[in-house]
Structures are given as structure tokens and as C-alpha cells.
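Taking it in order: structure first as C-alpha cells, then the write-up.
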Amino acid sequence: MTNIIKRNNVKKTGSGKETIIFGHGFGCDQLVWKEVIEAFTKDYQVVTFDYVGCGQSDKSAYSLERYGTLHGYKQDLLEVCEALEEESFLYVGHSVSSMIGMLASNERPDLFKKMVMIGPSPHYLNEPDGYQGGFERSDINELLDMMEVNYKEWAKYLAPVVMSNEDRPELAANFEKLLCSNDPKIARQFAEVTFMSDVRADLEKVTVPTLIMLTQDDAIAPMEIGRYVHTQIPGSRLAVMEALGHNPHISDAAETAAVIKDYLSGQGE
Amino acid sequence: MDVQLDLAPVGYLVMDENMKILEMNGMMRDIVAVETVPVHIHDILTIASRVYFQTYFIPAIITHGTVSEMYLKFKNPAGSVPVLMNTKKRNGLFECAIMQVSIRNEYETELLNAKREAEEVSKATAEANSQLKLLLGEVEAKQAELNVLNGRLKELTVTDALTGLKNRRYLEEFLPELMTAGSLSLLMIDIDFFKGINDTYGHHAGDIMLKQLAAVLEEAIGTAGFAARLGGEEFVAVLTAMDVAEASEIAEEVRQRVEHHAWPYRPITISIGVSVHNGNDTLAGLLNRADAALYESKNNGRNRVTVAT
């Protein structure tokens, strides 16, 4: 049998009655949660993991067949849950991971007590029916090309470990590891799967209590999309943050952690 | 802004930590073709660049305080402008130097396309190759199947259909070989008055008798050699590595077994002519001598063994 804990590089920390799983978004790995989870380890068991193909996961387990749609990633999440052998979980997903969590909770609502979505988008493309995901197919192609062109530049400048980051050297080291360990082919395919996905029809099937966290100036999942998700998921709650951009868990870990904690502990209801 | 910086042949812009643009020089305004300074970096990036910027630039600048040679595209009414951007964090602000790379970009795009084409060609080649391997495997399997069938066919062409013994063709093909391999004896065997069985009981009865005789012969010869049917009621037993005495002994054993076998319809006997390879014989000679000996057995009253001289 596959060792899921090893395959998905599952890390457990903290202590408490309840377990929170944090799902990372496209283009990074579980290290992005480093700061946020520090706020939870005192009261919760905290689980982070890498999707297959990302971070320190077992990349040999990657296949385009399985990971050619979000359902492959959903399977990863469900398998991680099963491997942890807990009755139920709280789940926090960033970006595409919020949709992966949504698909997982639709399949196994019994496994999830509460869900938090940070910067979700169920569909990134603009559609003739009036839905404005924000992207045309040509934008996605441009992005994929940009990833390819830049990948080498990144690798080049990350190679000599001379980045000045005197105040937080551990972050620099982490980020290097994170970028270097993402296989460019898999990253490209993950991007393609992410930006070509359409899970709008699945939103209304959600039965797990859900919080949607939106930031200012999010170019990837704009405020209107977040509000759309809010209207589609029955009974969902909306939290509009002061944080800017698509990565509040990196840029504003404190506010991000506070909003999540508020909701998970029940005080936000 | 310093006049020289404003006129410098490189784009320069300053952002606050929220990526709002505080100032930009003349070259930067040219790159994005604006008169006044836009509010936010997002306002001048292409959609794809915005995504890339948020996914990679912001985490990098937060962790490292510097980003080098990031490839991005800025919006411009005349078409997007590819640039390389260096950014450094200073006093809480982000200072960016932006170099247009339109010409280099054309070259890099060509390279990228060539790389992709090469990848596709190599993928197609690999697919064709695996297809070929598959076909080759199929051909090999078919070949093996054919070999088995051929073997079976060959077996059929040298087998007597009625009795399952070897036939005349087999003898013609293999006796010369056996003759050169060493000493060889032939028992030429013929059923006495066999025509009477066919006439009285019909050909079906005759066939049953022939099959039973084949079984009796095989049993009597055992590992000493093998039996063949030449046609009609004529059989040959081929014995290897035997001298005259041994060969006659087996011939006599065969004759007796036939005589004492519990035959259906009516008892039968056989006449046998024995010839033993004398070292100078041709195959024809060996057969002729066995035939002559058989003829002698018939003439001397049948149901007997005659050894050729």
C-alpha cells in the first residue's frame, strides 16, 4: 500500500482536540503556511502537506492521468485525511486548494466540520454566458510561457545563497527550497489544471459550513469572484480582509490567522 | 525626480509595500504609454503578468527583499511590452529598474517554440517507437504461433492418418539419415489374406484391424525402434542398433503377438521379411532384400519370419 504520509510529505504539529489541515495553492508548497500555523499549534493539531508533484512530495507518484484534473488533487486530500485516521477535520485551503477542499467535502462531507477558503475561484476563464473569471485563454498561455521563461532565471539567482534577508534568514532558506523543488513541467501542468478548471456547478452542493476570505487587489481571484462563490455556497460566510493581494497568508499572516481562528473557534458565527 | 534619472534609458518606478506606484520616470511612462502615473502596479501589468507577479514576485520580495531579472509584460496600447525587472527593497519602498527586451524576447520566443517543437517531435518519435515495439511483439507472437502450426503440419505430412504411425514419406525422408547413423534393421510386414477381411466384413472392419495391428506392433517394438505403414496392409518396423539375431528375435516376437492377439472378426497372422544393414547397402538394396525375404515367408506358407541373406 502507498505510504500517503510519505508520498504527500504530511507534517503534524501542535496539540488539541481538533485537527486543522492546511492546503497550499498552485506555485508553492506547504512552507507557505509556516507563519500562519504558528498561531494554531497551541490549541489545535495542525497538519500541512504537499500535493504530489509539489514541494517535497514523492514526484514519482505524479501522473498526468491522475493529476490532469482537480479530482486527482482532491483524491490526495482525501487520502491524507484517511491516513491521519481522525474522525473529522477543519480545513483551510488557499486559492485552488479551496476548490480542491470543496470537491473533497462534497464527496465526504462527514470528514469536514468546517472549511475556510482563501481567495477562491471556481473558474478563471471568461465565458460567453456572462461569467467573468477574469482570464482569456490567451492570458493563460501567456502565463504558462512566463513561467517557463522565468523558471531558469529563478534557478539562476537562487543558486548562490547570498540573498540578503538579515532579519529572517530562515524564510529565505525555505523559499529557495520551495521554488527549487517544484518541477517546472509539473508546475506548468498544475497551472494549466488550475486555470482551466470549472467547478462552478459543485459550489451549490456544499453542505459543510464555509468561510470565504477575500483580500484587496487580488489579481488572481478578484473580489467579485469571491462574492459569487459566497452566493453559490449555501449558508457560507464572507470575510473581507484588509490584506492586499492573493497571498495574505504570506504577506499578512497575522490578520489571516486571526480571521481563520475567529471562525474555527466559533466566535465568528 | 532627478532630471538624469527621469531621462535615463531604463524604466524606473517606485512602489510602496502595497504595490501602489509612487513615481515613475519618463522611460517607464513610455513603456506603458501613459501621461500620468498609474495608481497600482496591477494597472500596468498584463493579466498573465499580474498572476505571475502575485504568485512569485510578492513572496520573493517579502522573503528576499530583492528580485532579479523577472520576466514580465506591461500593457501598452500598441501591444504588450516584455521586460526584465530588477527590484530592491529600500526604506520600506520597492525600487524597480525595468529593461525592455522586445528584440531579445523575439529570439527567446523562437527558442521556446523550437524547444517545444523538438519536444513534440521527440514525443512523437517515442510514441512511434513504442508502437513499433508493440507491432514487433505481435509479429514475434504470430511467428511463434506459425512455427507451432508448421510443426504440426509437418507432423501431419509424415503421419499415417488411419493408424497414427509414421508413413512412407517419413521413411523416405529419414531412413537415409538413420542408415548413415549406424546399424539398421528392417522388418517388412504384411498381413496374410487381408483382402478376405475387407471382402467379408467390409472396409470399416479392415480399418479396425489395421489400427489394432499398429498398436500391437508399437507395443512389441517398444523402444527398439518404430513402426510405419507403407500403405494397404503393408507395414515396416525400423530397428536401430541390432544385429541379425536380435532383429530376428524381435521379428519372431512380433509375429507371435499378432498370432495370439484377441482379434475381432477373425484371427489374423502376418508374414515378415527381415533385412539387416550390412554396411554397403543402399536404402533401395536394404528394402529390396527385406521385400525378397517377405516374399519367401509368403511362399513358404505365411505366418513366419524370413531373414534375408
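The values are calculated or read from the model by the stated rules, or taken from the named source; none is laboratory data. These numbers come from a predicted model, not from an experiment. In this analysis, Cβ positions are derived from the backbone assuming ideal geometry, glycine residues included, and neighbour counts consider all displayed protein chains. Calculation scope for accessible area: heavy atoms of the full protein, side chains included, ligands and nucleic acids excluded. Shrake-Rupley method; radii C 1.70, N 1.55, O 1.52, S 1.80 Å.
Solvent-accessible area assigned to carbon and sulfur over the range B:168-307 amounts to 50 percent, based on a 1.4 Å probe. When the alpha-carbon atoms of the range B:72-175 are used, the pair Rg, Dmax equals 36.4, 108 angstrom.
Averaged over the residues of A:247-256, the number of partner chain Cβ atoms lying within 10 Å of the residue Cβ comes to 2. Within chain A, the percentage of alpha carbon pairs spaced more than 30 angstrom apart rounds to 24%. Spin-label model, B:GLU108/B:LEU5: points 7 Å from Cα along the beta carbon direction are separated by 2.6 nm.
Relative contact order (percent) for chain A, with alpha-carbon contacts under 8 angstrom and 6 or more residues of separation? For chain A, the relative contact order is 21 percent. When A:GLU142, A:GLU192 are compared by accessible area of protein heavy atoms, the largest-first order is A:GLU192, A:GLU142, using a 1.4 Å probe. For the set A:LYS11/A:LYS113; A:LYS42/A:LYS113; A:LYS74/A:LYS205; A:LYS34/A:LYS261, every pair lies no more than 25 angstrom apart at their alpha carbons.
For the range B:116-157, the normalised intensity computed at q = 0.23, 0.25, 0.32 Å⁻¹ comes to -0.74, -0.78, -0.93 (log10 of I(q)/I(0), Debye sum over alpha carbons, equal scatterers, no solvent). DSSP bridge analysis restricted to chain A gives an antiparallel fraction near 20%, rounded to the nearest 5. Classification of the range B:218-291 by its C-alpha gyration tensor yields a prolate form. The axis ratio a/c (a ≥ b ≥ c) is 1.5 or more, and a/b outweighs b/c.
Excluding residues fewer than 8 places away in the same chain, name every one of the lysines whose C-alpha is closer than 26 Å to that of B:LYS298. Within the straight-line cut-off, B:LYS298 pairs with B:LYS166, B:LYS195, B:LYS211. Packing-based ranking of B:62-75, B:272-285 yields B:62-75, B:272-285, ordered from highest to lowest mean Cβ neighbour count within 10 Å. With contacts taken as Cα pairs under 8 Å and at least 6 residues apart, chain B reaches a relative contact order of 12 percent. The mean sequence distance of close C-alpha pairs (under 8 Å, at least 6 residues apart), as a share of the length of the range B:168-307, puts its relative contact order at 31 percent. Counting only residues at least eight positions apart within a chain, or on another chain, there are no aspartates and glutamates with an alpha carbon under 17 Å from that of B:LYS142. Taking 0.36 nm per residue of separation and subtracting the current Cα-Cα distance, fully stretching the chain between B:HIS203 and B:ALA128 would add 20.8 nm. Classified by the C-alpha gyration tensor, the range B:129-204 has an oblate form. Its axis ratio a/c, with a ≥ b ≥ c, is 1.5 or above, and a/b does not exceed b/c. Give me the base-10 log of I(q)/I(0) for the protein assembly as shown at each q in 0.11 Å⁻¹, Debye formula, one uniform scatterer per Cα, rounded to two decimals. Computed log10 I(q)/I(0) values: -1.03. The P(r) of the range B:22-96 has a tail past 18 Å containing 39 percent of all C-alpha pairs. Per residue of peptide A:135-145, the mean number of Cβ atoms on other chains within 10 Å of the residue Cβ is 4. Straight-line cross-link partners of B:LYS89 among the lysines, defined as a Cα under 19 Å from its Cα and at least 8 positions apart when in the same chain: B:LYS20.
Of all DSSP bridge pairs formed entirely within the protein assembly as shown, close to 65 percent run antiparallel. Inter-label distance, A:ASP110 to B:THR36: 6.2 nm, where each label sits 7 Å from its Cα along the C-beta direction.
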